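Chemist: Okay, here's the structure, questions in a sec.
The values are calculated or read from the model by the stated rules, or taken from the named source; none is laboratory data. Predicted model only: the values in this text are computed from it and were never measured. Here the Cβ positions follow ideal geometry from the backbone for every residue, glycine too, while neighbour counts run over all protein chains shown.
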């Protein structure tokens, strides 16, 4: 699938784009808005691709690190697969939203998890949506032997990997970057059925530069969607 404006054809930030490969077009379900479909193509598809590759099931124990724009969608996807989900995020104020989206447990520190669970287990799958040395260290510490770490977050771009620890535990480090056309169809179906509901902030095209600043400052909830016919709903 082409990724417009991201290492592929240009045009992702324009009102119109020429589609050279018709196989990359996906029908939007009737009950899914253009806005939700736009966000689904990235902020739902990316975690879905990783979660599907991990082959989760009802007996899987999952740790998700980072409940931001991708994380809130990933929570709903993990629960759609029926797994037990523990979410870790530094922001205590996110607890209610995280639990409302289906997470079984929420913590701001993994020490809290160990104290709250006398039978605390290692995790079959750890989903790192941040991508820092500190979050990778948590992931490798808490993943079970022969478990999987899903690397999605690119916060720093580089992390320190203790190869001896990685090899001794025989951990699979799963790289991940968006997904396939078929998986996008599946994601739109999840949204259509109400199993995943992305959070969006509508903005006008003319405000693109201001919104980039808001994103940098962490003041956008969910994902920003540009629509020339919608007025800015975010306080600048």
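Chemist: Please indicate, with yes or no, whether at least one residue in segment 146-163 is touching a strand residue (DSSP E or B) at 6+ places or on another chain (Cβ under 7 Å), in the same structural domain as residue 75 (by TED's automatic domain parsing) and loosely packed, with under 15 Cβ neighbours inside 10 Å.
Modeler: no
Chemist: Turning to a different aspect of this structure: Residue 34 is checked against (1) crowded, with 17+ Cβ neighbours inside 10 Å; (2) touching a residue at least 24 places away in the same chain (Cβ under 8 Å) and fails just one. What number does that condition carry?
Modeler: For residue 34, the failing item is (1).
Chemist: If you go through segment 117-127 one residue at a time, do you hit one that is outside any loop (DSSP other than H, G, I, E, B), surrounded by fewer than 19 Cβ atoms within 10 Å (Cβ to Cβ), touching a helix residue (DSSP H, G or I) at 6+ places or on another chain (Cβ under 7 Å) and assigned by TED's automatic domain parsing to the domain that holds residue 54?
Modeler: no
Chemist: For the structure I just gave you, tell me whether residue 133 is assigned by TED's automatic domain parsing to the domain that holds residue 85, within 19 Å of the chain's Cα centre (by Cα) and in contact (Cβ under 8 Å) with a residue 40 or more places away in the chain.
Modeler: no
Chemist: Counting just the residues of segment 129-152 that are assigned to a helix (DSSP H, G or I) and out of contact with any helix residue (DSSP H, G or I) (no Cβ under 7 Å at 6 or more places or on another chain), which one comes out farthest from residue 66 (Cα to Cα)?
Modeler: Among residues in segment 129-152 that are assigned to a helix (DSSP H, G or I) and out of contact with any helix residue (DSSP H, G or I) (no Cβ under 7 Å at 6 or more places or on another chain), the one farthest from residue 66 (Cα to Cα) is 141.
Chemist: Moving to a separate point now. Working only within segment 37-82, note down all residues that are within 14 Å of residue 198 (Cβ to Cβ), surrounded by fewer than 21 Cβ atoms within 10 Å (Cβ to Cβ) and out of contact with any strand residue (DSSP E or B) (no Cβ under 9 Å at 6 or more places or on another chain).
Modeler: 41, 68, 80 - these are the residues of segment 37-82 that are within 14 Å of residue 198 (Cβ to Cβ), surrounded by fewer than 21 Cβ atoms within 10 Å (Cβ to Cβ) and out of contact with any strand residue (DSSP E or B) (no Cβ under 9 Å at 6 or more places or on another chain).
Chemist: Shifting gears a bit: What single numbered condition from (1) at positive phi; (2) outside the structural domain of residue 52 (by TED's automatic domain parsing) fails to hold for residue 188?
Modeler: Here residue 188 meets the rest and fails (1).
Chemist: Going through segment 145-182 one residue at a time, which ones are free of Cβ contacts under 8 Å to residues at least 12 places away in the same chain and farther than 18 Å from residue 132 by Cα?
Modeler: 164, 167, 168, 182, listed by residue number.
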